[in-house]
1. Which members of region 147-167 meet the condition of being in contact with a helix residue (DSSP H, G or I) (Cβ under 9 Å, 6 or more places away or on another chain) and of a type outside the set (Val, Ile, Thr)?
2. Looking at the structure I just gave you, is LEU135 modelled with pLDDT under 90 and either assigned to a helix (DSSP H, G or I) or touching a helix residue (DSSP H, G or I) at 6+ places or on another chain (Cβ under 9 Å) (or both)?
3. Taking the stated definitions as given, is LEU123 surrounded by fewer than 16 Cβ atoms within 10 Å (Cβ to Cβ), hydrophobic (A, V, I, L, M, F, W, C) and at pLDDT 90 or above?
4. For residues in region 84-143 being over 28 Å from ASN45 (Cα atoms) and hydroxyl-bearing (Ser, Thr, Tyr), which is farthest from the chain's Cα centre (by Cα)?
5. For region 48-68, enumerate the residues that are loosely packed, with under 15 Cβ neighbours inside 10 Å and at pLDDT 85 or above.
6. Considering only residues of region 69-97 that are surrounded by 14 or more Cβ atoms within 10 Å (Cβ to Cβ) and of a type in the set (A, V, I, L, M), which is farthest from ARG158 (Cα to Cα)?
7. Only one residue in ASP134, ASP116 is within 15 Å of GLN39 (Cα to Cα) and either in contact with a Lys or Arg (Cβ under 9 Å, 6 or more places away or on another chain) or among the aliphatic types (A, V, I, L, M) (or both), so which one is that?
Amino acid sequence: MCLENIHLKQLEMMALSVVRVMASSLLTWKIGNITMIIQKVLHANLTLTETREKLLNLWAYRRFLEGVEAACIRDDGHSNWNISLSNGLSVMCELEHSEGDQPNQILFRSLDGNVDLAGVIELTEIRRGLTQIDLLLEYDFQSPIARVVDRMTDGLNRSLDRNLSGIRNFFEVTSKTTESMPLAA
């Protein structure tokens, strides 16, 4: 009986060692330089020009954004962002904005902060008064711990979903306001 207990204890210890090695390998794989890519599609009942103008006017839709503690677009094409995610992480970065190869593209990338981020917003007018907004975002937290927490909780993706919903609401409110305005004689 005593030998069996010792044998069982050794087997348990060996099994725990194997589990630790596997968990360590998985953690190393998740912590490695793997960037996350998010793609989102949004529609606005506005022309392409109106959509672009409204997207670039952050102050117009700032109140529709959740978790955004600070957001400031400067005249030099840079913006500073501080966003609290639902998983307890924060995204702080300075973004540089630029025109893309096409006039309907807005490119951005992080210059500083706790997340490496790059993305493109592409606007496509599907028909008069309906524009599709495609967002492609590539990001990676600089901290390995934040990287693992984000991967496990999907925090940035969920925050992005909430904020895109807020922007969609902003577009709906402004398109209804535009429709109800009387035409100038």
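1. ARG147, ASP150, ARG151, MET152, GLY155, LEU156, ASN157, ASN163, SER165, GLY166
2. In short, no.
3. No.
4. Looking at residues that are over 28 Å from ASN45 (Cα atoms) and hydroxyl-bearing (Ser, Thr, Tyr), I get SER143.
5. Within region 48-68, THR49, GLU53, GLU66 qualify.
6. Here the residue is ILE73.
7. Matching residue, one of ASP134, ASP116: ASP134.
The values are calculated or read from the model by the stated rules, or taken from the named source; none is laboratory data. Keep in mind it's a predicted model, so treat the numbers as computed, not measured. All Cβ positions, glycine included, derive from the backbone under ideal geometry; neighbour counts span all protein chains shown.
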